[in-house]
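Comments concern the structure below.
The values are calculated or read from the model by the stated rules, or taken from the named source; none is laboratory data. Predicted model, so just to flag it, every value in this text is computed and none were measured. Note: ideal-geometry Cβ built from the backbone for every residue, glycine included; neighbour counts use all protein chains shown.
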Amino acid sequence: MRYLLAGNYGVGNLGDEALKDYFLKRFPDVEWIPLSATPGSGEKPFLPSGLRSLFGFGWLLTLRSLRGSDGLVFGGGSLFTDVESVRACFTWWCHARICTLLRKPYFLAFQGIGPFRTRVGEWFARWAIRHAALVSVRDNPSAKRCEEWGLNKEIIQSFDPVFSLLSEGKQVGSTRKILIVIPRNNTAASLLQSLTALVHRGWEEVHIVLMQGEESIGMTLKEYFSNWGVPVHMKSVVSLSDLHREVAVGSFVLTERYHGGIAALALGIPFEAIPQAPGDKLDSLSKLSVSPDSIAELAIAIARGEEELRKALKKASPSR
């Protein structure tokens, strides 16, 4: 089996790179050709989604790879949402449309669908879901959005598979009261509001964990914490194992990064996730419980999504 693997790879986002690693690790029987913004060995550029991208010509190699493959997998993440830009929806719709023009199936795996600010962004997502060979989503709001479109399409309820990678390395956390704060560059005012509510809990240390070069906001937060009278440490993480190690020592996690919350959940550490917009991935994550029963249910959901994708890939591959 040979499939292209599409996602927000090569843009320096730890969570998206972990998703790519998940597919490479859990589907060793598939010959993957990852698409990346900065292609490395064995990777190809994204397919074109505008006039500027047409002139790179590297996409011609990608097109050739697609023609010689069994199809394309959209591998996790929030690809079809226009919270930050409607261009994202258009970019991934272009990949889906090219697949249909070449009569190649594509699969939406472990996707976060929405929320949407614009009708055109929603249209791109709806079209992609309607024509997909398989759709699995990672949260209830995504499943509900798809079902409300009435597309007569089975929507498989799963969860973010990075959770399973983090659960594999689960370890006992620190017995000390350590607050883990994971910000983003465009941090929300609600982060400071949440910190104000946490200040009186008697923390022994505060660790600021930076997942994507948030040094500026990290320094701002470090100055803010100087008023707390507790030691403050700032750490940058560049891999999933780094994130696991830094989160594991905490007793509470306050995060604006989705996979920061996923790490806390996988390790059974209480957390608060701060959404960017109502109904987004962090909003959905904040409603989950760290109870053993809830964590077991998430593991089962991931296993189901994985098995359904494996069956669909084999069915679509003439060389299976």
The lone condition THR187 fails out of (1) of a type in the set (S, T, N, Q); (2) in contact (Cβ under 8 Å) with a residue 12 or more places away in the chain; (3) more than 20 Å from HIS233 (Cβ to Cβ) is (3)
Residue check, ARG103 of a type in the set (D, E, K, R) and within 21 Å of ARG2 (Cβ to Cβ)
yes
Look at segment 23-43 and say how many of its residues are among the hydroxyl-bearing types (Ser, Thr, Tyr) and under 20 Å from GLN111 (Cβ atoms).
1
Which members of segment 51-81 meet the condition of being free of Cβ contacts under 8 Å to residues at least 24 places away in the same chain and of a type outside the set (Phe, Trp, Tyr)?
LEU51, ARG52, SER53, LEU54, GLY56, GLY58, LEU60, LEU61, ARG64
Taking only segment 45-58 into account, find how many residues are modelled with pLDDT of 90 or more and surrounded by fewer than 21 Cβ atoms within 10 Å (Cβ to Cβ).
1
Scan segment 228-249 and give yes if some residue there is crowded, with 18+ Cβ neighbours inside 10 Å, polar (S, T, N, Q) and in the same structural domain as HIS200 (by TED's automatic domain parsing), otherwise no.
no
Is at least one residue of segment 72-84 of a type outside the set (Phe, Trp, Tyr) and farther than 27 Å from ASN186 by Cβ?
yes
Residues that are surrounded by fewer than 17 Cβ atoms within 10 Å (Cβ to Cβ) and either closer than 17 Å to ILE300 by Cα or not aromatic (Phe, Trp, Tyr) (or both), drawn from segment 132-152
ASN140, LYS144, GLU147, GLU148, GLY150, LEU151, ASN152
Just wondering, is there one or more residues in segment 196-214 that are crowded, with 19+ Cβ neighbours inside 10 Å, in a loop (DSSP other than H, G, I, E, B), without any contact (Cβ under 8 Å) to a residue 60 or more places away in the chain and not assigned by TED's automatic domain parsing to the domain that holds LEU79?
yes
Over segment 2-36, the set of residues modelled with pLDDT of 95 or more, within 22 Å of LEU63 (Cβ to Cβ), part of a loop (DSSP other than H, G, I, E, B) and not aromatic (Phe, Trp, Tyr) is GLY7, ASN8, GLY10, VAL30, SER36
